[in-house]
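Trainee: What follows is a single structure, and I will ask about it in a moment.
The values are calculated or read from the model by the stated rules, or taken from the named source; none is laboratory data. Quick caveat, the model's predicted, so the values are computed rather than measured. A quick note on method: Cβ atoms are made from the backbone with ideal geometry, for glycine too, and the neighbour counts reach across all protein chains shown.
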Amino acid sequence: MPETPSTQPVQPKSFFLSPDLHTYILNHGGGPDQVQQALMAATQALGPVARMQIAPEQGVFMEWLAQVMGARRAIEVGTFTGYSALCLARGLGPQGRLLCLDVNEQWTRMAQTYWRKAGLADRITLRLGPAAATLAALPQEPGFDLGFIDADKENGRLYYEEVLARLRPGGVIILDNALWGGKVVEPHRHPEDASLQAICALNDGVVTDARVQPAFLPLGDGLLLLRKR
Ligand SMILES: C[S@@+](CC[C@H](N)C(=O)[O-])C[C@H]1O[C@@H](n2cnc3c(N)ncnc32)[C@H](O)[C@@H]1O
């Protein structure tokens, strides 16, 4: 658990969105373009697994963050059908390079199709295989400006350490699913949920990690942003 005193309860201003408000936000904050909409539709057609895709407003934010940071080199752990990678690669600009790690050939083949449609294929390199091994094989140098971690949650801490070791000072890691559908406030009720237990342990760990400065956004399923000091 964090050593800092827990925050006093105040009336929350962030909340889970109604469909109308969600549409309103997308219409006023750079919602998905035609390629992104087509990728969302194709992913939906895969069935319930589509819920792994990030929220479109999250994609807008991640593209924007990469731009305002002037990020040029980024790494993504967990690519699925490529939506988050598409957003990050756009934010990196034409000189940018994004390294994507995933184990699934079928989903990432789909991702590559849509990266090509978006004219981004030359900015993105895909490495297929267990992310732990791919990360361990990367040079131990601070080569990345931005990291996005969104793969198997049980290995989240390992991915965090491996990416942090390769992040430049001032660089940012984004941890996805930091709210895990709201269950993070009652992990004891779901002892069987290994992903939840791992997310809670990581959230608690990073908030007292002197190497990073955290900012928790209730966007999508919760984004924990960590700036490397
Ligand atoms: C939540 S999805 C990623 C969603 C993606 N960021 C998006 O916006 O659509 C998680 C991904 O992690 C991948 N994954 C699971 N275990 C992995 C592992 N050990 N190494 C690499 N990737 C893994 C899965 O194949 C899946 O595509």
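Trainee: Regarding the range 32-48, can at least one residue be identified that is modelled with pLDDT under 95, of a type outside the set (D, E, K, R) and more than 9 Å from the ligand (Cβ to nearest atom)?
Mentor: There is at least one residue in the range 32-48 that is modelled with pLDDT under 95, of a type outside the set (D, E, K, R) and more than 9 Å from the ligand (Cβ to nearest atom).
Trainee: Does at least one position in the range 64-78 carry a residue that is of a type in the set (G, A, S) and within 17 Å of Q37 (Cα to Cα)? Spell out how you get there, then give the answer.
Mentor: Of all residues in the range 64-78, those of a type in the set (G, A, S) come to 66, 70-71, 74, 78.
Remaining after also requiring within 17 Å of Q37 (Cα to Cα): none.
Among the residues of the range 64-78, not one is of a type in the set (G, A, S) and within 17 Å of Q37 (Cα to Cα), which makes the answer no.
Trainee: Consider only pairs whose beta carbons are under 7 Å apart and that are at least six residues apart or on different chains; among these, list those whose first residue lies in the range 204-229 and is among the acidic types (D, E) and whose second residue is buried (at least 16 other Cβ atoms within 10 Å of the Cβ).
Mentor: D221/D176; D221/N177; D221/L179; D221/W180
Trainee: If you scan the range 173-187, which residues turn out to be assigned to a loop (DSSP other than H, G, I, E, B) and either on the phi > 0 side of the Ramachandran plot or among the aliphatic types (A, V, I, L, M) (or both)? Even if it seems obvious, please write down each step before you answer.
Mentor: If we filter the range 173-187 for residues that are assigned to a loop (DSSP other than H, G, I, E, B), which is where we start, we get 176-179, 186.
Correct list: N177, A178, L179.
Trainee: Out of the range 62-99, which residues are within 11 Å of the chain's Cα centre (by Cα) and more than 10 Å from the ligand (Cβ to nearest atom)? Walk me through how you get there before you give the answer.
Mentor: Taking the range 62-99 first, the residues within 11 Å of the chain's Cα centre (by Cα) are 62, 75-79, 83-85, 87-88.
Residue satisfying the conditions is I75 alone.
Trainee: Any residue at all in the range 158-167 that is of a type in the set (D, E), within 14 Å of the ligand (Cβ to nearest atom) and under 22 Å from G96 (Cα atoms)? Reasoning before the result, please.
Mentor: We begin by selecting, within the range 158-167, every residue of a type in the set (D, E); these are 161-162.
If we keep only those that are within 14 Å of the ligand (Cβ to nearest atom) as well, we get 162.
Then drop every residue that is not under 22 Å from G96 (Cα atoms), which leaves 162.
Within the range 158-167 (the criterion being of a type in the set (D, E), within 14 Å of the ligand (Cβ to nearest atom) and under 22 Å from G96 (Cα atoms)), the answer is yes, since at least one residue qualifies.
Trainee: Also, quick follow-up: Might you check whether a residue that is under 24 Å from L98 (Cβ atoms) and touching a Pro at 6+ places or on another chain (Cβ under 9 Å) occurs anywhere in the range 179-192?
Mentor: First pass over the range 179-192, keeping only residues under 24 Å from L98 (Cβ atoms): none.
No; the residues of the range 179-192 include none that is under 24 Å from L98 (Cβ atoms) and touching a Pro at 6+ places or on another chain (Cβ under 9 Å).
Trainee: Can you tell which of K153, K117 is surrounded by 16 or more Cβ atoms within 10 Å (Cβ to Cβ) and basic (K, R)?
Mentor: Numbers: K117 fails: surrounded by 16 or more Cβ atoms within 10 Å (Cβ to Cβ).
Only one candidate passes the filter, namely K153.
Trainee: Another one. Surrounded by fewer than 21 Cβ atoms within 10 Å (Cβ to Cβ) and within 14 Å of the ligand (Cβ to nearest atom) - does that describe any residue in the range 138-146?
Mentor: Yes, there is a match, as at least one residue in the range 138-146 is surrounded by fewer than 21 Cβ atoms within 10 Å (Cβ to Cβ) and within 14 Å of the ligand (Cβ to nearest atom).
Trainee: Within the range 175-190, how many residues are surrounded by 24 or more Cβ atoms within 10 Å (Cβ to Cβ) and under 18 Å from L88 (Cα atoms)? Reasoning before the result, please.
Mentor: Going residue by residue through the range 175-190, those that are surrounded by 24 or more Cβ atoms within 10 Å (Cβ to Cβ) are 175-176, 178.
Still in the list and also under 18 Å from L88 (Cα atoms): 175-176.
Result for the range 175-190: 2.
Trainee: For the range 1-31, give me each residue that is at pLDDT below 75 and of a type in the set (A, V, I, L, M, F, W, C).
Mentor: M1, V10, F15
Trainee: Does K183 fit the bill of being of a type in the set (K, R) and without any contact (Cβ under 8 Å) to a residue 24 or more places away in the chain? Lay out the reasoning, then the answer.
Mentor: Details: of a type in the set (K, R): yes; without any contact (Cβ under 8 Å) to a residue 24 or more places away in the chain: yes.
Yes: the conditions hold for K183.
Trainee: Let me ask something else. Does G170 count as touching a residue at least 24 places away in the same chain (Cβ under 8 Å), on the phi > 0 side of the Ramachandran plot and over 14 Å from the mean Cα position of the chain (by Cα)? Talk me through it step by step, then tell me what you get.
Mentor: Details: touching a residue at least 24 places away in the same chain (Cβ under 8 Å): yes; on the phi > 0 side of the Ramachandran plot: yes; over 14 Å from the mean Cα position of the chain (by Cα): yes.
Considered against the rule, which asks whether it is touching a residue at least 24 places away in the same chain (Cβ under 8 Å), on the phi > 0 side of the Ramachandran plot and over 14 Å from the mean Cα position of the chain (by Cα), G170 comes out as yes.
Trainee: Considering L196, L126, L167, which residue is closer than 22 Å to A71 by Cα, in contact with a helix residue (DSSP H, G or I) (Cβ under 7 Å, 6 or more places away or on another chain) and buried (at least 20 other Cβ atoms within 10 Å of the Cβ)? Quick ask: steps written out before the conclusion?
Mentor: On the way: L196 fails: closer than 22 Å to A71 by Cα; L167 fails: in contact with a helix residue (DSSP H, G or I) (Cβ under 7 Å, 6 or more places away or on another chain).
None of the other options fit; the residue is L126.
Trainee: Now for a different question. Inside the range 126-160, can you point out the residues that are in a helix (DSSP H, G or I) and among the polar types (S, T, N, Q)? Give the steps one after another, and end with the answer.
Mentor: Our first condition is that a residue be in a helix (DSSP H, G or I); within the range 126-160, this holds for 131-136, 153-160.
Answer for the range 126-160, where residues must be in a helix (DSSP H, G or I) and among the polar types (S, T, N, Q): T134, N155.
Trainee: Here is a list: L158, L175, L217. Which entry is out of contact with any Leu (no Cβ under 7 Å at 6 or more places or on another chain) and modelled with pLDDT of 95 or more?
Mentor: Numbers: L175 fails: out of contact with any Leu (no Cβ under 7 Å at 6 or more places or on another chain); L217 fails: out of contact with any Leu (no Cβ under 7 Å at 6 or more places or on another chain).
When all the criteria are applied, what remains is L158.
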